Amino acid sequence: MNAPLLHIALFRPLIPQNTGTIGRLALALGVRLHLVHPLGFRTDEKACRRAGLDYWREVDCLEHADHAALLAALPDPERVFMFSARAERLYTEVDYRPGDCLLFGDEERGLPQDLLDAAPARAVRIPVRDPRVRSLNLANAASIAVYEALRQLGFPDVAPPRPRLQRAAGETTHAR
């Protein structure tokens, strides 16, 4: 298996729909997804089929018993960027490199404070304008982060655009 350009890691995710959406993102972009246990849902074939995740078996996904096992599986544990609404540094201030890991916490509590405190220079946040919003949805945050990292890396190996849609005979376009 080729080394992935980036890694997305979810620390004890709780909501299967978020993980499914991030799995689709990982598959679309050739990114490896890491799930750190315990999970708030099952990932066996029957559960994925019931959830309509017909693409799940194609996702490059590894599951880890704990945070230490995740770090051991990564090419460089010093290149794990922890996303948290409590971080000072903005995610756009990082110079991303191939092999970097973008780590996200669960949907209720985020990442544990001790993980953030252990490497504060690698704790980053996605800014919001309205302080009434604690944080963004996990799948949205992962999308924002991975696209910024890929933008910095020049979007290597991106698929060409899909063919232009052809209008059916008699069909008109609507101005918007």
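For this structure, a couple of remarks:
- Selection over segment 16-56 of residues that are at pLDDT 85 or above, surrounded by fewer than 18 Cβ atoms within 10 Å (Cβ to Cβ), assigned to a loop (DSSP other than H, G, I, E, B) and among the hydrophobic types (A, V, I, L, M, F, W, C) gives a count of 1.
- Qualifying residue in segment 129-144 (condition: without any contact (Cβ under 8 Å) to a residue 60 or more places away in the chain, surrounded by 12 or more Cβ atoms within 10 Å (Cβ to Cβ), within 20 Å of Arg12 (Cβ to Cβ) and of a type in the set (Gly, Ala, Ser)): yes
- Which listed residue is of a type outside the set (Lys, Arg), surrounded by fewer than 19 Cβ atoms within 10 Å (Cβ to Cβ) and in contact with a Leu (Cβ under 7 Å, 6 or more places away or on another chain), from Glu148, Glu88, Glu108: Glu108
- Some residue of segment 70-81 being surrounded by 11 or more Cβ atoms within 10 Å (Cβ to Cβ), touching a His at 6+ places or on another chain (Cβ under 6 Å), modelled with pLDDT of 95 or more and outside any strand (DSSP E or B): yes
- Residue within segment 119-135 that is among the small types (Gly, Ala, Ser), over 21 Å from Pro98 (Cβ atoms) and in contact with a Leu (Cβ under 8 Å, 6 or more places away or on another chain) present: yes
- Residues located in segment 156-171, provided they are out of contact with any Leu (no Cβ under 9 Å at 6 or more places or on another chain) and under 30 Å from Val94 (Cα atoms): Ala159, Pro160, Pro161
- Candidates in segment 93-111 are the residues that are farther than 24 Å from Pro4 by Cα and either without any contact (Cβ under 8 Å) to a residue 40 or more places away in the chain or assigned to a helix (DSSP H, G or I) (or both); of these, the one that is nearest to the chain's Cα centre (by Cα) is Gly110.
- Taking the conditions (1) assigned to a loop (DSSP other than H, G, I, E, B); (2) without any contact (Cβ under 8 Å) to a residue 24 or more places away in the chain in turn, Ala87 satisfies each one other than (2).
The values are calculated or read from the model by the stated rules, or taken from the named source; none is laboratory data. No experiment lies behind these values; they were computed from the predicted model shown. Quick reminder, even Gly has a Cβ in these numbers, built from the backbone with ideal geometry, and neighbours come from all protein chains shown.
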